[in-house]
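Asker: Okay, here's the structure, questions in a sec.
The values are calculated or read from the model by the stated rules, or taken from the named source; none is laboratory data. Treat the numbers as computed from the prediction; the structure is a model and nothing was measured. As a convention, Cβ positions derive from the backbone with ideal geometry for all residues, glycine included, and neighbour counts pool all protein chains shown. SASA here: full protein model, heavy atoms, side chains in, ligands and nucleic acids out. Shrake-Rupley method; radii C 1.70, N 1.55, O 1.52, S 1.80 Å.
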Amino acid sequence: MALRLPGEIVIEEVLPTLRVELARALDRRSFTQQEIADCLGVTQAAVSKYLRDDAAMEPLIAEDDRVAATVQRIADGFDTGEMDEYEAMAELLALIEALEDHGPICELHEAAMPALEGMGCDLCVRGIHSSLTRQPTAIC
């Protein structure tokens, strides 16, 4: 069994997809690559990579309507100056929490750890549940 934490899924698959989507949304609003980099807290070279057609994205995340709506809100907020980086971070954290709650992050986690399949695991959201753990056996 491969032990893979949900946070790894977020870092390796979700966050890069969100950055690509945000970079592209800001690019469509005529932000320069450096302005996008400043908003996202990455380098201009990373933004250049995000804007290429072959940028790596996780389809389960990229195709989720909640992702599109959040990206739109953040890009609009940056464009109008009505949202700062702190507020954008709060939006992204709320989105990730929603995607963890029996959503695409759970699907990705189950794919990475097949032992979780069908368990109804909600460890990310609600913590450990006694029915999902083995009871200790007595050692004589």
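Asker: Counting just the residues of region 23-50 that are part of a loop (DSSP other than H, G, I, E, B) and not hydroxyl-bearing (S, T, Y), which one comes out modelled with the lowest pLDDT? So that I can check it myself, show each step before the final result.
Answerer: First, the residues of region 23-50 that are part of a loop (DSSP other than H, G, I, E, B): 29-32, 41-43.
Then keep just the ones that are not hydroxyl-bearing (S, T, Y); that gives 29, 31, 41-42.
Values: R29: 97, F31: 98, G41: 93, V42: 96.
Among those residues, the one meeting the criterion is G41.
Asker: Check off (1) modelled with pLDDT under 90; (2) in a helix (DSSP H, G or I) for M89 and give me the number that stays unchecked.
Answerer: Of the numbered conditions (1) modelled with pLDDT under 90; (2) in a helix (DSSP H, G or I), the odd one out for M89 is (1).
Asker: Looking at region 29-46, which of its residues are without any contact (Cβ under 8 Å) to a residue 24 or more places away in the chain and open to solvent by 20 Å² or more (accessible area, probe 1.4 Å)?
Answerer: Kept after step one, since they are without any contact (Cβ under 8 Å) to a residue 24 or more places away in the chain, are these residues of region 29-46: 30, 32-38, 40, 42-45.
Within region 29-46, S30, T32, Q33, Q34, E35, D38, L40, V42, T43, Q44, A45 meet the criteria.
Asker: Could you please give the count of residues in region 56-71 that are open to solvent by less than 60 Å² (accessible area, probe 1.4 Å) and not hydrophobic (A, V, I, L, M, F, W, C)?
Answerer: 3
Asker: Given the conditions (1) part of a helix (DSSP H, G or I); (2) surrounded by 14 or more Cβ atoms within 10 Å (Cβ to Cβ); (3) of a type in the set (A, V, I, L, M), and given that M83 satisfies all but one, which numbered condition is not satisfied?
Answerer: Of everything listed in (1) part of a helix (DSSP H, G or I); (2) surrounded by 14 or more Cβ atoms within 10 Å (Cβ to Cβ); (3) of a type in the set (A, V, I, L, M), M83 misses just condition (1).
Asker: May I pose another question? Out of curiosity, is D53 out of contact with any helix residue (DSSP H, G or I) (no Cβ under 9 Å at 6 or more places or on another chain), at pLDDT 95 or above and open to solvent by 70 Å² or more (accessible area, probe 1.4 Å)? Before the answer, list the steps.
Answerer: Numbers: out of contact with any helix residue (DSSP H, G or I) (no Cβ under 9 Å at 6 or more places or on another chain): yes; at pLDDT 95 or above: no; open to solvent by 70 Å² or more (accessible area, probe 1.4 Å): yes.
The answer is no for D53.
Asker: Here's a follow-up. Return only the number of the condition from (1) within 22 Å of E35 (Cα to Cα); (2) under 12 Å from the mean Cα position of the chain (by Cα); (3) hydrophobic (A, V, I, L, M, F, W, C); (4) outside any loop (DSSP other than H, G, I, E, B) that M57 does not satisfy.
Answerer: (4)
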